[in-house]
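Asker: For reference, the structure I am asking about is given below.
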Amino acid sequence: MLVIMRHGASQEQIENVINFIKKKGFDAHVSTGELHTVIGCVGGKVVDPRDIELLDGVKEVIKITSSYKLASRIFQPQDTVIEVNGIKFGGSHTGVIAGPCTIESYEEMDETAAKLKETGVKILRGGAFKPRTSPYAFQGMGEEGLKIIREVADKYGMAVTSEVMEISQIPMFLDYVDILQVGARNMQNFNLLKELGYVNKPVMVKRGLSATFEELLMAAEYVMSGGNREVILCERGIRTFERVTRNTLDLSAIPVIKKLSHLPIIIDPSHGTGLRDKVAPMSRAAVAAGCDGLIIEVHYDPDTALCDGAQSLYPEQFSDLYSDLKKIAPIVGKSIDTQEIKTV
C-alpha cells in the first residue's frame with residue numbers, strides 16, 4: 001500500500017509514519033514529489049489503513065493490487081530520469097548506448113569507440129562474459145575484457161555498460177562498469193537481482209525471452225526493494241513462432257510500460273531482430289513510439305566479428321541512423337543527448 005502525505009507535511013510527521021509502518025513489519029520506501037511525499041509499504045502483516053490515516057500529516061492510504069509496488073506509477077507518478085555520463089534516460093530524454101556485442105581485443109574496442117565518439121556517443125557497450133546457447137561459441141574475455149573496455153572508454157570520455165552473470169562477479173564489475181546489465185536469460189535470477197539492489201550504480205534489466213510485462217516489472221521490483229532505484233528496463237525482443245527474425249521486437253512495450261511504471265524503457269533492436277538491415281527501421285520506430293533509450297550493436301568491421309556480426313551496424317550506418325533519430329525525437333517531445341563534438 002501507499003501512504004500519501006499531505007502537502008507541506010513536516011519531516012517529523014513523515015518520520016513518525018515511517019516508524020509506525022516499520023513497527024507493523026513493513027519496509028518503508030519514500031518518494032518525494034513536487035506536491036506530496038509518498039511512502040511505499042512493502043511486506044508486513046495485515047493492517048487497518050484507518051490506523052495510518054489517523055496519523056498526523058497523512059492525506060490518504062491507497063492499496064495497490066499489482067504485485068510490483070516500487071516500480072508502479074502509482075507509487076511514483078513522475079518519470080524516473082537516470083543520468084550516466086551526461087546522458088539521460090527517461091522523461092523528455094532518449095539516451096543512446098552503442099558498441100560491439102562482445103569485447104574481442106583492444107584494437108577492436110578502440111577502433112569502434114573512436115568511430116562512435118565522432119558520432120557523439122557517450123556510453124559504450126561490450127560483453128566480457130557472454131551467455132551463449134552453444135558451449136562451443138565464444139564465451140567472452142572475462143575480466144581482461146572489462147579492463148580493455150574501461151581503458152578505451154576512459155580514453156574517449158565514455159561510460160561503460162556490460163552484462164553481469166552471477167553474484168560473485170558484482171565486485172569485479174563495480175571496478176569497471178557504470179551500468180550493470182542483467183541479460184534476458186538472467187531476468188529471473190532472483191538472487192542476482194536481490195544483490196544488485198544493494199549496488200549504488202544503475203542496473204539495466206532486459207526482458208526475458210518469454211516474459212510478460214508484469215514479470216519484467218517484478219524483476220525490477222527485486223532490485224528496487226533492495227534500495228537501488230536506478231533501474232532501466234530493456235525490451236530486446238521475445239520468442240514467438242516467427243523465424244525470419246531472430247526474435248520478435250515488441251514495441252508495444254513502450255506505451256504499456258510507460259503507463260504501468262515510472263522507470264525508463266529502452267529498446268535493443270539488434271537482438272530484437274538479429275538482422276542488420278532491420279535495426280535502423282526498428283530504431284526509428286522505437287524513438288517515434290517514445291522510448292527512453294536505445295542500445296545498438298556497432299562494430300568497426302562486422303564481417304570479422306566473433307559474435308553477432310550479422311546484427312551489428314557498420315559505423316557509417318550508425319552515424320546515418322543517429323542523425324535520423326535526432327530528427328525524429330523532437331516530434332514526440334524527446335531529445336537525444338550527444339557528446340559535444342569539437343571541430344578544429
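Asker: Out of T102, T119, I need the residue that is closer than 21 Å to P269 by Cα and in contact with a helix residue (DSSP H, G or I) (Cβ under 7 Å, 6 or more places away or on another chain). Which one?
Answerer: T119
Asker: Just one of L209, L233, L174, L146 is within 16 Å of the chain's Cα centre (by Cα) and either assigned by TED's automatic domain parsing to the domain that holds I97 or assigned to a helix (DSSP H, G or I) (or both); which is it?
Answerer: Going through L209, L233, L174, L146 in turn, just one is within 16 Å of the chain's Cα centre (by Cα) and either assigned by TED's automatic domain parsing to the domain that holds I97 or assigned to a helix (DSSP H, G or I) (or both): L233.
Asker: Looking for whichever is on the phi < 0 side of the Ramachandran plot and in contact with a strand residue (DSSP E or B) (Cβ under 9 Å, 6 or more places away or on another chain) here; the options are A310, A288, A253. Which one fits?
Answerer: Only one candidate qualifies: A253.
Here is a yes/no grid of residues against (1) over 16 Å from the mean Cα position of the chain (by Cα); (2) outside the structural domain of R276 (by TED's automatic domain parsing); (3) under 21 Å from V17 (Cα atoms); (4) not polar (S, T, N, Q):
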{"residue": "V58", "(1), (2), (3), (4)": "yes, yes, yes, yes"}
{"residue": "S67", "(1), (2), (3), (4)": "yes, yes, no, no"}
{"residue": "F75", "(1), (2), (3), (4)": "yes, yes, yes, yes"}
{"residue": "F89", "(1), (2), (3), (4)": "no, no, no, yes"}
{"residue": "I103", "(1), (2), (3), (4)": "yes, no, no, yes"}
{"residue": "E107", "(1), (2), (3), (4)": "yes, no, no, yes"}
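Asker: Here's something else I'd like to know. Go through (1) in contact (Cβ under 8 Å) with a residue 24 or more places away in the chain; (2) part of a loop (DSSP other than H, G, I, E, B) for P255 and report which single condition fails.
Answerer: It is condition (2) that P255 fails.
Asker: I want to confirm something. Restricting to the stretch 3-28 and keeping residues that are touching a strand residue (DSSP E or B) at 6+ places or on another chain (Cβ under 8 Å) and among the small types (G, A, S), which single residue is surrounded by the fewest Cβ atoms within 10 Å (Cβ to Cβ)?
Answerer: Out of the qualifying residues, it is G25.
Asker: Let me ask another. Condition check: more than 30 Å from P269 (Cβ to Cβ) and either among the hydroxyl-bearing types (S, T, Y) or not in a loop (DSSP other than H, G, I, E, B) (or both). Does D51 satisfy that?
Answerer: Here the answer is yes, as D51 does meet what is asked.
Asker: Tally the residues that are basic (K, R) and either in a helix (DSSP H, G or I) or crowded, with 16+ Cβ neighbours inside 10 Å (or both), restricting the search to the stretch 31-48.
Answerer: 0
Asker: Please name all residue pairs, on different chains or six or more residues apart, with Cβ atoms under 8 Å, provided the first residue is in the stretch 209-229 and is more than 15 Å from E195 (Cα to Cα) and the second residue is at pLDDT 95 or above and of a type in the set (V, I, T).
Answerer: L209/I238; S210/I238; A211/I238; F213/V256; F213/I257; L216/V205; L216/I257; L217/I257
Asker: Given the criteria among the aliphatic types (A, V, I, L, M), farther than 21 Å from I266 by Cβ, in contact (Cβ under 8 Å) with a residue 40 or more places away in the chain and out of contact with any Leu (no Cβ under 7 Å at 6 or more places or on another chain), does I148 qualify?
Answerer: Criteria met by I148.
Asker: Give the residue, chosen from Y322, Y300, that is of a type outside the set (G, A, S), outside any helix (DSSP H, G or I) and in contact (Cβ under 8 Å) with a residue 60 or more places away in the chain.
Answerer: One residue alone meets the criteria, Y300.
Asker: Among the residues of the stretch 56-71, is there at least one that is acidic (D, E), without any contact (Cβ under 8 Å) to a residue 60 or more places away in the chain and assigned to a loop (DSSP other than H, G, I, E, B)?
Answerer: For the stretch 56-71, residues acidic (D, E), without any contact (Cβ under 8 Å) to a residue 60 or more places away in the chain and assigned to a loop (DSSP other than H, G, I, E, B): present.
Asker: Please tell me if S252 is of a type in the set (S, T, N, Q), assigned by TED's automatic domain parsing to the domain that holds L116, surrounded by 17 or more Cβ atoms within 10 Å (Cβ to Cβ) and under 30 Å from S319 (Cβ atoms).
Answerer: For S252, the condition - of a type in the set (S, T, N, Q), assigned by TED's automatic domain parsing to the domain that holds L116, surrounded by 17 or more Cβ atoms within 10 Å (Cβ to Cβ) and under 30 Å from S319 (Cβ atoms) - is not met.
Asker: From the residues in the stretch 255-302 that are out of contact with any helix residue (DSSP H, G or I) (no Cβ under 7 Å at 6 or more places or on another chain), crowded, with 22+ Cβ neighbours inside 10 Å and among the acidic types (D, E), which one is nearest to E108 (Cα to Cα)?
Answerer: D268
Asker: Does at least one position in the stretch 268-284 carry a residue that is touching a Pro at 6+ places or on another chain (Cβ under 6 Å) and assigned to a loop (DSSP other than H, G, I, E, B)?
Answerer: The answer is no; no qualifying residue exists.
The values are calculated or read from the model by the stated rules, or taken from the named source; none is laboratory data. Owing to the predicted nature of the structure, the values given are computational and were not obtained by experimental measurement. No Cβ is skipped: glycine too gets one built from the backbone with ideal geometry, and neighbour counts run over all protein chains shown.
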